[in-house]
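Before any comments, here is the structure.
The values are calculated or read from the model by the stated rules, or taken from the named source; none is laboratory data. Predicted model, so just to flag it, every value in this text is computed and none were measured. Positions of Cβ are generated from backbone atoms using ideal geometry, with glycine treated the same way; all protein chains shown enter the neighbour counts. With ligands, DNA and RNA removed, areas are computed over all heavy atoms of the protein, side chains included. Shrake-Rupley method; radii C 1.70, N 1.55, O 1.52, S 1.80 Å.
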Amino acid sequence: MTTKRCYYETLDVARSADDGTIKSSFRKLAMKFHPDTNKEKDAEVRFKEINEAYQVLCDANKRAAYDRFGHAAFEGGRGGAGFDSGFASSMSDIFEEFFGDVMGRGNNRNAAQRGADLRYNLEITLEEAFSGKTAEIQIPVASLCDECEGSGAKAGTAPVPCPTCQGRGRVRATQGFFTMEHTCPTCHGAGAVIQDPCKKCHGAGRNTKNRKLKPEIPPGVEDGTRIRLAGEGEAGFRGGPQGDLYIFLSIKPHKLFHRQGADLYCRVPVSFTKAALGAAIEVPTIEGERTEIQMPAGTQTGEQLRVKAKGMPVLRSKRRGDLYVQIMVETPRNLNAKQRELLEQFSETEKDNTHPESSGFFARMREFFEKPV
């Protein structure tokens, strides 16, 4: 009489193991000793032992009986374990993890499929981003064939059930102890074949056409803004819905303005006499107009003057950003004799308080070099 191994030892788990641990160990051992992949002479015997142990320990009632009476609980055919439906189900889970689409529990490839989304890159000017515009674009799109209305079959005919899979889209093959299902190689999962294809689309059900669209660009869009046009993508398969079209906006660099969010920045050069004395200066605005601002006396290079609400509009809002005028004091060049004489006279009258920043810097520099070593 052959003594059976303990089921817990067969599955290499402790008696206190939970269901998840038992299932995990079973999967690992079943894959290792499956006779289709393991050619050792005792692999099939071990595989059957593993299955028998699992069929008992995965069932709460059987496990309780085994824990109390051992193997005697199943003598005489009472609840014995074999290659039953429970085993097929458990092994289906294993092979689905590794190979997918096992025992017919894969994706429904006969279902309608949504068309692909499309991307279109559109470059606009800063002025167009300010005011908004109606753009005109033309894109090549896979659309439903108007000859066969997307069926792929010649007008007046229709696809017929696939003779290989009888319209199921999947075929079965037996491998060892298991029945495997995979996509039909004849119809590629469609369940039907076209005997007389449409001459216009050659059986594809779609052909590429140039589609003209006029998307609305709202005021205030920024570089990288994405606009979605629902249903303007590629046509779906087998009656599925169309995909979407996404327009990605980029804004051309501007000659005068630099944008940061809703604010605009403009660098304005001024003469050093106006910067010193103060003056009213004209600056451009994004609307294509001019506005006058007052520059205070003693304005330095890099200082900014703010013009409220002269920036970009905030997208989907009534608010506007500001315009910042960045002053660039220009040192005069190509002086004539009179100008040089006047500047020399001015230089002779300069004091420390005329150039406080320069005076302060050179004072600190003297202290640095004169400090005791």
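Some observations on this one:
- Per residue, the accessible area of the chain comes to 64 Å² when a 1.4 Å probe rolls over the protein heavy atoms.
- Calculated SAXS-style log₁₀ I(q)/I(0) at q = 0.11, 0.12, 0.17 Å⁻¹ - segment 143-226, Debye, Cα scatterers: -0.53, -0.57, -0.75
- Test item: Cα-centred dipole of segment 217-285, Lys/Arg +1 and Asp/Glu -1 on Cβ, debye: 220
- Note on segment 295-373: Cα convex hull, mean projected area over all directions, 10.4 nm².
- Diffusion constant of the chain at 20 °C, which comes from Stokes-Einstein with the Kirkwood Cα-pair radius and 1.002 mPa s, µm²/s: 70
- Where Leu323, Leu29 fall by accessible area, highest first, once all protein chains stay in place (1.4 Å): Leu29, Leu323
- Unsatisfied cross-links (Cα-Cα over 18 Å) in the set Lys23/Lys62; Lys154/Lys200; Lys4/Lys32; Lys274/Lys351: Lys4/Lys32; Lys274/Lys351
- By the Cβ distance rule of under 4.7 Å, the chain has these cysteines without a partner: Cys6, Cys58, Cys266.
- Relative to the longest principal axis of the Cα atoms of the chain, helix 19-33 runs at roughly 70 degrees.
- Carbon plus sulfur fraction of accessible area for the chain, probe 1.4 Å, in percent: 50
- At q = 0.16, 0.26, 0.27 Å⁻¹, base-10 log of I(q)/I(0) for segment 1-62 (Debye sum, equal scatterers on each alpha carbon): -0.49, -1.10, -1.15
- The angle between the Cα long axis of helix 337-349 and the longest principal axis of the Cα atoms of the chain comes to about 90 degrees, rounded to the nearest 10.
- Each principal axis of the Cα atoms in segment 236-297 has its own extent, and those three values, largest first, are 77, 17, 16 angstrom.
- Mean projection area, nm², convex hull over Cα of segment 233-373: 18.5
- Those lysines that a straight Cα-Cα span of less than 22 Å connects to Lys308, excepting residues fewer than 8 apart in one chain: Lys255, Lys318
- Helix 85-98 vs. the chain, principal-axis angle (Cα, 0 to 90°, nearest 10): 30
- Remark: accessible surface ordering of Ile124, Ile194, Ile293 (largest first) is Ile194, Ile293, Ile124, probe radius 1.4 Å.
- In the frame of its principal axes, segment 185-305 has Cα extents of 90, 25, 18 Å, reported largest first.
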